[in-house]
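Notes to accompany the following structure.
The values are calculated or read from the model by the stated rules, or taken from the named source; none is laboratory data. Since we're looking at a predicted model, the values are computed, not measured. Neighbour counts are summed over all protein chains in view; Cβ atoms, including those assigned to glycine, are modelled from backbone coordinates with ideal geometry.
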């Protein structure tokens, strides 16, 4: 494997304020999320600030149901027109996340802000909301509905789910940039996943709160008042010899077959005439190797025996147990352990693996010596590090040592060929897949920064 285009000291850092939050433990996050500051939030006042006027809610709901972004018949603005709320908001809920809490949380959210503004992802995809729901608001605004225009301009989005769910919603919202349909709504998070590293990075905590009913109100209140932050996103393209089939997670999609001539730069392996390509976008990390293999096994075990996965704590216990069965603690690396790693991770955030910081808080003299800069979520760079084997990874994850620093890069290419192994394991923001690799032809992974940044709501 090889990586290219390391950190360029003259590279322009993207504009915008960073939101930098150190990793915290899940237990502390849970107590903080309960709102121990004693601030009382009135339910009716909160609802007035969030709830869209009736004609907008019904128009948006009907547009999504009919998959038609035009204005439904009979749902034009009433006379006199209502005022737009202070902070109109929609919430996407992954009802399968958070053990038994996801579906219950959906009901609580609907009580606070109406059924039409809370979407269960098993029923409404975020792409449908963008294509039809938001388009309906835009059409109403174009026809002179000032309330629809203000609601569209001030809209905020909350996502109740894990990192994969948040990435799914952010990816759908990013289509607004490509279509010239700005402003793009900023996104806040109610953490329901296992790792919740995106949530931790922007101050929303690392776990589902103990006193969740009151915490929901506080989360919505913070989404109304929180600052807008920026987050880099990264486009990944995997090119492999044509004819191979990969079962992709929902965050990746196949492209039409393309010739290898599109792969630029130095190539070490032989090239077939045609390749198959798939692409996606990640926000936290991409990795290849032992951590992705463990994630892949965990996901399959959870799918086969869903009764074992009853929440983040149970998931972490299963994850830890599965890790110990894979042999990473006992197998040698390669012929030269000093030069080899068993996992390569390209990290965008401070948080990885449930709030750990494997890159570490590096001292200025070390940064200068290695030619690195201080890492931030909006600096246009990925931090690339390696994990040597199971024991090394364990010490890194409890932050006794830092990972093996490899590079900072604005773009990356990995060239992979098989030998005694016929598959490589990869994952992207917690979504793993098994990647076939050939001993004869190379497989390429290319990563480049997306030109626009995602907008996040700071939870603190």
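Details
- Residue within the stretch 92-100 that is at pLDDT 95 or above, surrounded by 17 or more Cβ atoms within 10 Å (Cβ to Cβ) and closer than 25 Å to residue 46 by Cα present: yes
- The set of residues from the stretch 249-279 being assigned to a strand (DSSP E or B) and either on the phi > 0 side of the Ramachandran plot or at pLDDT 70 or above (or both) comprises 252, 253, 254, 255, 256, 274, 275, 276, 277, 278, 279.
- Considering (1) without any contact (Cβ under 8 Å) to a residue 12 or more places away in the chain; (2) out of contact with any helix residue (DSSP H, G or I) (no Cβ under 9 Å at 6 or more places or on another chain), the lone condition that residue 141 does not fulfil carries the number (2).
- Set side by side, the residues 216, 238 differ, and just one is surrounded by 20 or more Cβ atoms within 10 Å (Cβ to Cβ), outside the structural domain of residue 48 (by TED's automatic domain parsing), at pLDDT 85 or above and not in a loop (DSSP other than H, G, I, E, B), which is 238.
- Residue 160 over 30 Å from residue 432 (Cα atoms), assigned by TED's automatic domain parsing to the domain that holds residue 198, buried (at least 18 other Cβ atoms within 10 Å of the Cβ) and touching a helix residue (DSSP H, G or I) at 6+ places or on another chain (Cβ under 9 Å): no
- Among the candidates 111, 150, 86, the residue that is surrounded by fewer than 17 Cβ atoms within 10 Å (Cβ to Cβ) and part of a loop (DSSP other than H, G, I, E, B) is uniquely 86.
- Members of the stretch 114-129 found to be part of a helix (DSSP H, G or I), without any contact (Cβ under 8 Å) to a residue 60 or more places away in the chain and crowded, with 21+ Cβ neighbours inside 10 Å, listed by number: 126
- Restricting attention to the stretch 219-235, the residues that are outside any loop (DSSP other than H, G, I, E, B) and farther than 27 Å from residue 383 by Cα total 7.
Conditions (1) at pLDDT below 50; (2) out of contact with any helix residue (DSSP H, G or I) (no Cβ under 6 Å at 6 or more places or on another chain); (3) not assigned by TED's automatic domain parsing to the domain that holds residue 351, marked per residue:
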{"site": "30", "(1), (2), (3)": "yes, yes, yes"}
{"site": "35", "(1), (2), (3)": "yes, no, yes"}
{"site": "38", "(1), (2), (3)": "no, yes, yes"}
{"site": "41", "(1), (2), (3)": "no, no, yes"}
{"site": "44", "(1), (2), (3)": "no, yes, yes"}
{"site": "48", "(1), (2), (3)": "no, yes, yes"}
{"site": "54", "(1), (2), (3)": "no, yes, yes"}
{"site": "59", "(1), (2), (3)": "no, no, yes"}
{"site": "62", "(1), (2), (3)": "no, yes, yes"}
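- Scope the stretch 188-212; condition surrounded by 24 or more Cβ atoms within 10 Å (Cβ to Cβ) and not in a loop (DSSP other than H, G, I, E, B); matching residues: 188, 189, 190, 191, 197, 198, 199, 200, 201
- The listed residues are 404, 363, and the only one of them that is out of contact with any helix residue (DSSP H, G or I) (no Cβ under 6 Å at 6 or more places or on another chain), over 29 Å from residue 188 (Cβ atoms) and without any contact (Cβ under 8 Å) to a residue 24 or more places away in the chain turns out to be 363.
Results for (1) crowded, with 19+ Cβ neighbours inside 10 Å; (2) in the same structural domain as residue 169 (by TED's automatic domain parsing); (3) not in a loop (DSSP other than H, G, I, E, B), shown as yes or no for each residue.
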site: 358; (1), (2), (3): yes, no, no
site: 362; (1), (2), (3): no, no, no
site: 365; (1), (2), (3): no, no, yes
site: 375; (1), (2), (3): yes, no, no
site: 383; (1), (2), (3): yes, no, yes
site: 406; (1), (2), (3): no, no, yes
site: 419; (1), (2), (3): no, no, no
site: 425; (1), (2), (3): yes, no, yes
site: 434; (1), (2), (3): no, no, yes
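- Residue among 354, 340, 335, 394 that alone is at pLDDT below 90, out of contact with any helix residue (DSSP H, G or I) (no Cβ under 6 Å at 6 or more places or on another chain) and on the phi > 0 side of the Ramachandran plot: 354
- Annotation: residue 206 fulfils all but one of (1) within 23 Å of the chain's Cα centre (by Cα); (2) over 21 Å from residue 355 (Cβ atoms); (3) at pLDDT below 95; the unmet one is (2).
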